[in-house]
Structure formats: C-alpha cells, structure tokens
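Undergrad: I have a structure I would like to understand better, so I am pasting it below and will then ask my questions one at a time.
Derivation of every value follows stated rules applied to the coordinates shown; laboratory data play no part. Everything quoted here is computed from the prediction, not taken from an experiment. Backbone-built Cβ (ideal geometry, glycine too); neighbour counts: all protein chains shown.
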C-alpha cells in the first residue's frame, strides 16, 4: 500500500474553493479549505499531479515537523533535534523561506538565520566540524518552508521550488501582467471550460488567452516547466513522474475560438509571442483594436478581462474607459462578462448591476471580481422570463474555514502525524540571544503593521522572489549578482516579477 501523507497547497485569497475542486478532481483526500491555502492528503503520485495539474496552486508544501517555540533559543533547539538526514545530505544545498505571523517572532530574516544555523550545526555534530550541506539563495536542491503562527512552528519541504505561476511559456510581458494562477482561477470561477467562444478585449500580454486555451484543451500547465524541487528529493520516483508528465490521455479538442485584442500594438505583439510559445496559436485570434471599436462579437461568447486600474497602468480618461466597457457589454457582447477591478468609482461607470461580487487579491491590491449577466430587453422582461440577478453583496467568509485549534489540539494532531508536536516553552522571562540582538532591526521598520504584512509576507510567498531573483537583484544593486550558476541562464532585466502574499 502506498504511503499517504499531509500536503498543503498555497493560493491567492479568493481562489481557495477553486483549488479545492482541482484537488478533488485529482482524487486527493481529506481536503480542508483554509485562508490562502488548502490542506489535503495523498501519495507521492498525488504530490506530482498537484504540481503538474493544479492551475490555481502557487506551491505544494509537504509538512515534515511541527512543534511549539516561544523564543529564538527554543526554536533553534527544536529544529536541531529533527533528523535532517531524512531530507538532506552533505552533497546537497538548501534554502529557507520563512513566513511569520507572530508576536514572539517579528522578523522573518532572523528566523531564517536561526533555522539555518540549527540545520548546519546538526550536520557538524553528526559528521564533524567541516562537514555540512551548502546554503544557496538560488537554485537550491532542497527548499525548506518555515511557517510560524503565534508560537506554532511548521517546517515543510517545498515540492515546487519556483512558484507554480511561472508556467514557463511566457517569453515577454507588458508593464502589469495579471498573474497566471489568478487568470486561471478567474476563468475557472466563471465556469468556462471551452463550451463557447471567449473574448478578452483588453488582453495585455495575453495571460487570459493562454490560460483559457490550456483549460479548453485540458493541457496541464506544469508541462512547460524545466524542473520541480521534488526532483532533488531522496525519494524522487523518476519513472512515476515521467509517466505522469507524458500522459496526454486527458487532453481534448476545442471547437471554438478565443479572441483577444488590445489598443497597444506592442502588447498585441507580446501576447502573440506568448501564445505561440505555449503552442496554442491555432485556438487564439489576436488583433490591435481598442474596445471602443468593437461593433460585433462572437455569438454566445463569454467576456473575461482585466482593464487598467489607474495604478501601474492608466488611461487618460479612466471613467470614460469604464463607461465604454459598460456600453459594449450592453450593446455588443451578449452573455456573461467577468471583470476584475480595484476601484468602486470605476466599476460604477459600467452602469450595470453585477450578478455577483467576489473579493480577490491581485498581488497586494484588494480587488473585486464582478460578473455581469448581459441580456436583451428590459430587466422586467428578463425577470419574467425566469432570469435572476443576485443582490451583488460581498461574499461572506467561507463556512468551510476550519476553526482555530487550541494549543493542546494542535500538539495532539502533530504527534498523531509523527511530526513532534513538542512544547518547548521555557520558564521565566524571555531572553534575547546575541544572534537575535545582531539581526533584530534597531528601527521599527518590521513592526506588526499592515505595511509589514503587505511587504514582508507579500514577498515571501515566492521563494525565488526579491530575495532570490536575479532580475530583482540587478534592479536593486544595478549590476549582475555574483551568485554561482545565476548568470549562465541568460540575463534580461525583468523588474516586473510577480510576488505574493502568504498567511
């Protein structure tokens, strides 16, 4: 019998239900929806499939050790107590990604250093003072995720490595492209799966177009990636993974077209290259065309689009742009339209009552995804014919969210899963170690404010984000980094790398 274990899939706030459905379709078990995450159980095959097939997952984590720690010293002691030979060896490199939401630990970098020291010291004590695995910021063999909520610590192996939104097909991008995971999640939320034409009249770099084509043909988004972190694990089953990677039995035909357009010739050229790179050009029709020039549309099409918010990308007349969107929905596009936006005053200019509103995060922006049901005639006739528009109120928090476990319940659960669950709380007043004094900032730059949550945690969702991304490093220091093996993959400055928020 194949061993089953716990896993956690991370996603954007607002896409948890879609991700849970994807995992259910992969025959995952014991699925539980949380905030920006979905926990589940399965085998090694489930883990491989989740990385290859899930369109709305940012990464797949495998928890390996849980415990309670109240200060830096107890954190160090508990990490060092774990048998790291299970996941690491002297000839492998590792990196640490820390996500902190705690009064006891207020600085993720300090936690990272403390965990790193404990792992290194474990190997030194076991094999000798000069024997230890290497630490790498880029392309490490093993990525260890440290998640601390209060005094509860969970150590996990990151099976994905680079964030799963980086499919591998994007060759260029416009100034503010929508994230691939978010685009796929919006399409899946709409219920579209290739049953009718799809239109994005403001397509930008073509993310909606490519993700829609992959959904319509049921092509796995992970097939474009060059590698996953689990390929470096001790228990990696290459034969099993190859069989899953090369399985095309679930792919299907798509009998309609996906239409994209943009006012910018440069954006259309970029979208065209991305569509070709993904190998779905035969399903997509792209042209240079402002939304004001749409006079007809495919019959029974669905519209899904991400218009400018007036933040990074703007129009000379934002209110006029949204008014034009509303006019085209009324008179040209017949069916259902899904629009993600940021400002209520611009949404108001559309002039239509949304049938639903869903709060959704786009990076650090608290956006809304609104659906508009477009129908012929007046509202009274529409209702008389059986049509119905919801009241458009905000979606309440999911009732499926698990309640917060007590410390006793959490430790019991951890022990049951064989992950420790030990309570390492010390008695007496908390002490600051010399190392903590060294790395704790003297200012209140990392104070527990919304700014910290929107920057530090926002960056930490992507293990190859600002701290480990060569393009971001170049944008900060103005030159190529000196980290080995980073430059040989090619250098092209790309300061628009997306980053994410994590709980």
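Undergrad: Arranged from highest to lowest average of other beta-carbon atoms within 10 Å per residue, in what order do the peptides 30-38, 206-214 appear?
TA: In decreasing order of mean packing, 30-38, 206-214 become 206-214, 30-38.
Undergrad: By per-residue mean of other Cβ atoms within 10 Å, what is the highest-first order of 91-98, 231-238, 267-274, 329-336?
TA: Descending packing order for the listed peptides: 267-274, 91-98, 329-336, 231-238.
Undergrad: Here's another thing I want to ask about it. Given an 8 Å cut-off on Cα distances and at least 6 residues of separation, report the relative contact order of the range 95-235 as a percent.
TA: 25
Undergrad: Same structure again: Calculate how many DSSP beta bridges within the range 192-331 are antiparallel, expressed in % of all such bridges and rounded to the nearest 5.
TA: 0
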